[in-house]
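Single-structure report; data block below.
The values are calculated or read from the model by the stated rules, or taken from the named source; none is laboratory data. All values derive from a computational prediction rather than experimental measurement. Here the Cβ positions follow ideal geometry from the backbone for every residue, glycine too, while neighbour counts run over all protein chains shown.
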Amino acid sequence: MKTFRGALVAAAACVALAGCHFPGLGGGHKAPTGQVVANVDGREVTLRELNAEMGGAAFPDPKTRKAAEQQALRNIVARIILANTARQQGLDKTPDFALQKQRAIDSVLAQELQQKLIQGVPEPTKDEAQTFVSSHPDTFLERKVFVVDQIRMPRVPVEVLKTLEPLKTMEEIEAVLTKDNIPHQRSDATLDAVGADPRLVDFIRKLPPNEVFVLPGNDGLLVNRVKETKVIPFTGDPATQYATKWLTRQRTQEAVSRSFNQYLTAAAGKVQFNKDYAPPKPVKTATPGGAAPATPGQTAAQ
């Protein structure tokens with residue numbers, strides 16, 4: 001609902017601005033110069049704020065960038081005017097506003113902490129990248145491209161997954177989906193080792209012939225059976241650059257996760273819950289090493 005409201009405000013501001021003309025400044029304020037790009041009733045809008053609004057976007061030519069700057073500035077001006085109007089109506093004094101304000105501040109601070117941690121992660125050296133390439137031949141020198149028979153389906157309740165677990169063939173799985181009126185599509189597809197976790201590639205490569213396995217998709221589940229495995233080498237500078245990016249992403253995720261867990265653990269003693277809202281006690285479970293996908297005999301795809 002909040003997303004809808006935000007979109008509605010943005011749309012309303014755009015409609016309003018389409019018919020607006022901002023002449024010179026009123027109220028006796030000086031015309032903006034230097035790093036100040038606008039002045040809205042005494043509220044200065046800086047070049048830094050304008051650049052942040054544009055989100056670091058790149059533009060093909062100065063004319064396109066100027067048009068984008070003007071649109072971004074008009075958005076900022078509209079937002080300030082609407083916010084000022086809300087203050088005049090006392091909306092900044094309501095409990096809902098206080099709640100949303102605190103939530104926004106906390107979210108931004110958490111994001112800033114994450115960015116600080118990311119900036120502190122050292123980039124992999126060229127030797128480290130080349131070592132990564134050498135140690136993962138299925139992704140590079142002997143890059144695997146799996147041609148698969150694939151069924152695309154939505155995420156389904158656990159009960160449905162349990163009925164699929166003992167099934168061994170794509171035909172059996174498709175028959176159950178059809179019987180239960182679960183929408184699905186079956187077609188050939190490819191799974192490229194480049195872009196996949198090397199542990200997943202190793203898992204697929206070691207599967208018995210015609211073994212069915214399940215992977216999470218963007219908006220559902222992918223049921224797969226390997227029909228053919230092609231070897232298309234991925235080498236040279238592109239491979240080294242890819243390895244560098246992969247290592248950087250992996251190290252960044254690990255560093256952020258490790259630090260966040262440390263912060264949360266250190267502060268756990270300062271947290272008190274109402275007994276009616278206390279989280280359940282953690283249950284120790286055996287976690288498979290890596291990001292192994294599920295097979296019809298497993299429930300990891302839930």
| task | Report, by residue number, each residue of the stretch 84-101 that is exposed (fewer than 14 other Cβ atoms within 10 Å of the Cβ) and among the hydrophobic types (A, V, I, L, M, F, W, C). | result | Ala86, Leu91, Ala98, Leu99
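Listed here are the residues, each with its yes/no results for (1) in a loop (DSSP other than H, G, I, E, B); (2) surrounded by 15 or more Cβ atoms within 10 Å (Cβ to Cβ); (3) of a type in the set (S, T, N, Q).
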| position | (1), (2), (3) |
| --- | --- |
| Leu113 | no, no, no |
| Leu117 | no, yes, no |
| Pro122 | yes, no, no |
| Val133 | no, yes, no |
| Thr139 | yes, yes, yes |
| Gln150 | no, yes, yes |
| Lys162 | no, no, no |
| Ala175 | no, no, no |
| Pro183 | yes, no, no |
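Kindly indicate whether Phe146 is assigned by TED's automatic domain parsing to the domain that holds Lys227, surrounded by 11 or more Cβ atoms within 10 Å (Cβ to Cβ) and part of a strand (DSSP E or B). Outline the logic, then answer.
Values: assigned by TED's automatic domain parsing to the domain that holds Lys227: yes; surrounded by 11 or more Cβ atoms within 10 Å (Cβ to Cβ): yes; part of a strand (DSSP E or B): yes.
Spelling it out, Phe146 is indeed assigned by TED's automatic domain parsing to the domain that holds Lys227, surrounded by 11 or more Cβ atoms within 10 Å (Cβ to Cβ) and part of a strand (DSSP E or B).
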| task | Identify the residue in the stretch 211-257 that is touching a residue at least 24 places away in the same chain (Cβ under 8 Å) and assigned to a loop (DSSP other than H, G, I, E, B) and, among all such residues, is surrounded by the fewest Cβ atoms within 10 Å (Cβ to Cβ). | result | Asp219
| Residue satisfying condition, being in the same structural domain as Asp41 (by TED's automatic domain parsing), modelled with pLDDT of 95 or more and assigned to a helix (DSSP H, G or I), within set Ala86, Ala67 | Ala86
